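Read through the structure below, which is laid out as structure tokens, and then see the notes.
The values are calculated or read from the model by the stated rules, or taken from the named source; none is laboratory data. What you see is a predicted model, and the numbers here were worked out from it, not measured in a lab. Every residue, glycine among them, receives a Cβ derived from its backbone with ideal geometry; neighbour counts consider all protein chains shown.
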Amino acid sequence: MNIRNYLPFAIAALFLLGACQTASNEKTPPVQPDADNGQIQLPENFGALVVADNLGKARHLVVRENGDIYVAIQNMKNGGGIAALRDTSGDGKADLIQYFGEYPGTGIDIRNNYLYFSPDSALFRYRLNEDKLVPEADFETIVYGLTSQNQHAAKSFTFDGSGNVYINIGAPSNACQDPDRTPGVKGQDPCPILEYAGGIWRFSAEKTGQSQQDGYRYATGIRNAVALDWNSAENTLYALQHGRDQLSNLWPDLFTDEESAELPAEEFLLIKDGSDFGWPYCYFDPSQNKRVLGPEYGGDGTQTGRCDSAENPIMAFPAHWAPNDVLFYTGDQFPERYKNGAFIAFHGSWNRAPLEQAGYVVVFVPFDGAHPAGDWEIFAEGFTGADTLLSPGDARFRPMGLAQGPDGSLYIADSQQGRVWRVVYQENPEPGS
């Protein structure tokens, strides 16, 4: 045998092997992004495609292991409060959309092959069938009778790894005045709302027929935390609080309109059993990096008083941005720096006048262990479709919900038009993609 006769074939085989190894080491997107990323801007090497549009006022969403997507809807559409989406062609677009459920709501998640869903006063669950997109059986009631009033009624929730579910019960108030939001009126002291709202309650995730009285008040002093997630890497609960409103409207002798537009911070909270973050007595002033006493309780914008004993946030964000979902990323598709970090969806402000409205972004916070490892950064933007926004109704899109797919894709839901994006990472994107 003359080895020289086989040398060209050996070289070709080695070349093909090397090419295959190179290709396998590169991160290629599981689906092809839209040319315009669905009208949003993302960091370099990230792309997005529109999974579905015009679903209704989308709230939170979840992705099943088989890729099916379930979206909570704020107002009933096509006879349902949940939109179920399936991609049957493999291009990432939902070509089968069905609605079900007797109530609208905000919170939605999957646990042990059950789809959990929360209208404003309860927590339900549906048994998911192996191949069916829409559950066939009626829901079971896990918790009923949750406080539900005109303000902050949404019941977001999250699960730990020990069979518990944590439910946000927002305070139906700005700062516990009676009557509420009335200039010069002092706050109730002690605030009676804290007995039944303004905190996080813990329940069994499996037991049916629980009332709010059967739950355990896990944390208090939280005005409203629509963004709520259990960080499995740290076995700890996290949330983001909507700060109070109208400092200058209610206390014009103490605060200017500009100060009211910038105060207080939206707060990223690390929550332990028994945590108290001080609402309604206190708010966090990022310019002073401390909690200060609210004017309803004798504060003048600088005094701390009883707020010295309230817990501080682990990070502060600009005022009135409305954080409405948080997700700790555990996937492998994105670069390593994103692992165990937090994505946060800001729904956008309504009360920053005389300044321009702001927010309307998805940000990323890197983490090292239980705490942020650096400053927050904008991850997705361009939702508003305009450089200047005078009213939230003028925004083209408003980011509302976040979910992680089984392949590590990040899903974003919009409450304005009911759009869902799927964000993927492209290590070597094709030109023009």
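Things to note:
- Restricting 36, 68, 87, 109 to those that are modelled with pLDDT of 95 or more, within 30 Å of residue 154 (Cβ to Cβ) and over 22 Å from the mean Cα position of the chain (by Cα) reduces the list to 87.
- Residues located in segment 278-326, provided they are among the acidic types (Asp, Glu), surrounded by fewer than 18 Cβ atoms within 10 Å (Cβ to Cβ) and either free of Cβ contacts under 8 Å to residues at least 40 places away in the same chain or in a helix (DSSP H, G or I) (or both): 308
- For the residues 208, 158, 141, 220, the requirement of being among the hydroxyl-bearing types (Ser, Thr, Tyr), within 30 Å of residue 299 (Cα to Cα) and at pLDDT 95 or above singles out 220.
- Residue count, segment 32-59 (criterion: part of a strand (DSSP E or B), over 15 Å from residue 416 (Cβ atoms) and not polar (S, T, N, Q)): 5
- Among residues of segment 378-406, those that are of a type in the set (Asp, Glu) and within 27 Å of residue 72 (Cα to Cα), counted: 2
- Hey, residue 387 touching a residue at least 12 places away in the same chain (Cβ under 8 Å), among the acidic types (Asp, Glu) and part of a loop (DSSP other than H, G, I, E, B) or not: no
- Among the residues of segment 154-212, those that are polar (S, T, N, Q), more than 18 Å from residue 251 (Cβ to Cβ), within 24 Å of the chain's Cα centre (by Cα) and part of a loop (DSSP other than H, G, I, E, B) comprise 156, 162.
- Residue 344 being in contact with a His (Cβ under 6 Å, 6 or more places away or on another chain), more than 24 Å from residue 190 (Cβ to Cβ) and at pLDDT 95 or above: no
- Failed criterion for residue 250 (all others in (1) within 22 Å of residue 161 (Cβ to Cβ); (2) crowded, with 20+ Cβ neighbours inside 10 Å hold): (1)
- Some residue of segment 224-236 being touching an Asp or Glu at 6+ places or on another chain (Cβ under 8 Å), assigned to a strand (DSSP E or B), over 18 Å from residue 170 (Cβ atoms) and among the hydrophobic types (A, V, I, L, M, F, W, C): yes
- Boolean, residue 410 is out of contact with any Ser or Thr (no Cβ under 7 Å at 6 or more places or on another chain) and under 29 Å from residue 255 (Cβ atoms): no
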